[in-house]
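Visitor: A single structure is presented below for examination.
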Amino acid sequence: MVRKELEEARVRLYQKKDRSRFVLAIGIALFLVFLFLGVLNLIGSVNLSLRAGSAPVMTFLTYLVLAIAAFCGPYGFYFSRKQRNIRQIERRLPEFLRDVAEAGRFGMTLAEAIVVASSGRYGKLTPEIKKMAAQINWGVPAAEALRLFATRVDTPMVNRVVSIIVKSSDAGGAVADVLAMVSHDAKETQLTDDERKISMSTYIAVIYISFLVFLVTIWILNVTFLPKIRESGTQLEASTAAVGGQIESPLAANIDAVILGLQIAFFVATIVHALGDGILAGVLDNGKVANGLRHSFIMLLIGLVSFQLI
C-alpha cells in the first residue's frame with residue numbers, strides 16, 4: 001500500500017501543471033479593475049481620461065475596451081502558446097513512434113522500447129518522453145505511462161494514438177507493426193492539418209483587412225459626415241437668429257449631443273466588430289474559441305488606438 005502511494009506521488013510529480021485557471025483569474029481581476037475605473041469616471045468620482053476633453057461616456061467606453069482586452073489578452077496568448085507547444089510536440093510524435101517500432105522489432109517490450117527511445121532528441125517532445133521513461137523505471141506500467149502522457153498533452157491526435165497502442169499492447173498483438181501504422185497515420189494527419197491552416201490563413205488575413213477597412217470607413221465618416229452635421233447645425237442657428245429666434249430646430253439645439261451619439265455608436269460598433277472578428281479568426285485557425293481571444297485583443301487595441309487618433 002505504501003509503495004503504491006509512493007508511486008502515485010512520483011507520477012503526480014511528473015505531471016505537467018495546468019496554469020489555465022491562474023491565467024484566467026488574472027484576466028478576470030484586470031477586467032474588474034479597469035471596469036471599476038471606467039465606472040468611477042462615468043459617475044464623476046475621478047477624472048482619469050486618456051484624452052483631454054473626452055466625454056465621460058467615451059472615457060467609460062475606453063476603459064471598457066481596456067477591461068475586455070485585459071481579459072482576452074492573458075488567456076488568449078497563454079492558450080495560443082499552449083497550442084503552439086502541443087503542435088511542436090505532435091510534430092515529432094511520428095518520429096518517436098517510428099523509433100519505438102524499430103526497437104520493438106529487435107524483440108524489446110513496449111516499456112523497454114520507450115526507455116531506449118528516450119535517449120533520442122525530439123524537440124519539445126523530449127521532456128515528455130523522459131517523463132514516461134522515468135515513470136517506467138519507477139515501476140509504472142508502460143500502458144499507464146502512455147495514458148499519463150496523453151493526459152498531460154491532451155490532444156485528439158495523442159489520445160487516439162495512445163488508445164490504439166494501449167489496446168494493441170493489451171491484446172498481445174504485433175505492437176511494432178501497429179506503431180509503424182500509427183506513425184504513418186499521424187504524419188498524414190499533420191500534412192492535412194498543414195494544408196488546412198494554409199488555406200485558412202487567407203481567410204484570417206481577410207478578416208483583419210475587413211476590420212481595417214471598417215476603421216477607415218469610420219475615419220472617413222468622422223472627417224466628412226460629422227463636420228457636415230455640425231455645419232448644418234451652425235447654419236440652422238444662423239437662420240434662426242436671422243428670423244428673430246422664432247423657429248427652433250432640434251438639430252441646431254442638440255448638435256453636440258447628436259455628434260457624440262454617433263461617435264459612441266461608432267465606438268460600440270468597433271468593439272463588437274473586434275470581438276466577433278477575433279473569435280471568428282480563432283475558430284477558423286484551429287476550431288477553438290479561446291484561440292480567438294488573442295485576435296480579439298489585437299483588434300481591440302488597434303481599434304482603441306485608432307479612435308484616440310481619430
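The values are calculated or read from the model by the stated rules, or taken from the named source; none is laboratory data. Nothing here was measured: the structure is a model prediction, and the numbers come from that model. Cβ: placed from backbone, ideal geometry, glycine included. Neighbour counts: every protein chain shown.
Visitor: Which of (1) surrounded by 15 or more Cβ atoms within 10 Å (Cβ to Cβ); (2) hydrophobic (A, V, I, L, M, F, W, C); (3) without any contact (Cβ under 8 Å) to a residue 60 or more places away in the chain is the odd one out, the single condition Phe106 does not satisfy?
Guide: Checking Phe106 against (1) surrounded by 15 or more Cβ atoms within 10 Å (Cβ to Cβ); (2) hydrophobic (A, V, I, L, M, F, W, C); (3) without any contact (Cβ under 8 Å) to a residue 60 or more places away in the chain, the one that fails is (1).
Visitor: Of the residues Ala257, Ala290, Ala281, which is part of a helix (DSSP H, G or I), at pLDDT below 85 and crowded, with 19+ Cβ neighbours inside 10 Å?
Guide: Ala290
Visitor: Let me ask another. So in the stretch 281-310, with the set limited to residues that are of a type in the set (A, V, I, L, M, F, W, C) and within 11 Å of the chain's Cα centre (by Cα), which one is farthest from Thr62 (Cα to Cα)?
Guide: Restricting to residues being of a type in the set (A, V, I, L, M, F, W, C) and within 11 Å of the chain's Cα centre (by Cα), the top hit is Val283.
Visitor: Can you give me the number of residues within the stretch 172-203 that are within 18 Å of Ile114 (Cβ to Cβ) and more than 28 Å from the chain's Cα centre (by Cα)?
Guide: 12
Visitor: So, in the stretch 52-79, how many residues would count as being assigned to a helix (DSSP H, G or I), farther than 17 Å from Ala274 by Cβ and touching a residue at least 60 places away in the same chain (Cβ under 8 Å)?
Guide: 2
Visitor: Go through the stretch 214-246 and give me each residue that's among the basic types (Lys, Arg) and at pLDDT below 75.
Guide: Arg230
Visitor: Would you point out the residue of the stretch 35-83, among those that are of a type in the set (D, E, K, R) and touching a helix residue (DSSP H, G or I) at 6+ places or on another chain (Cβ under 9 Å), that is farthest from Ala290 (Cα to Cα)?
Guide: In this case the residue turns out to be Arg51.
Visitor: Against the definition (under 20 Å from Ala186 (Cβ atoms) and in contact (Cβ under 8 Å) with a residue 12 or more places away in the chain), how does Leu125 come out, yes or no?
Guide: yes
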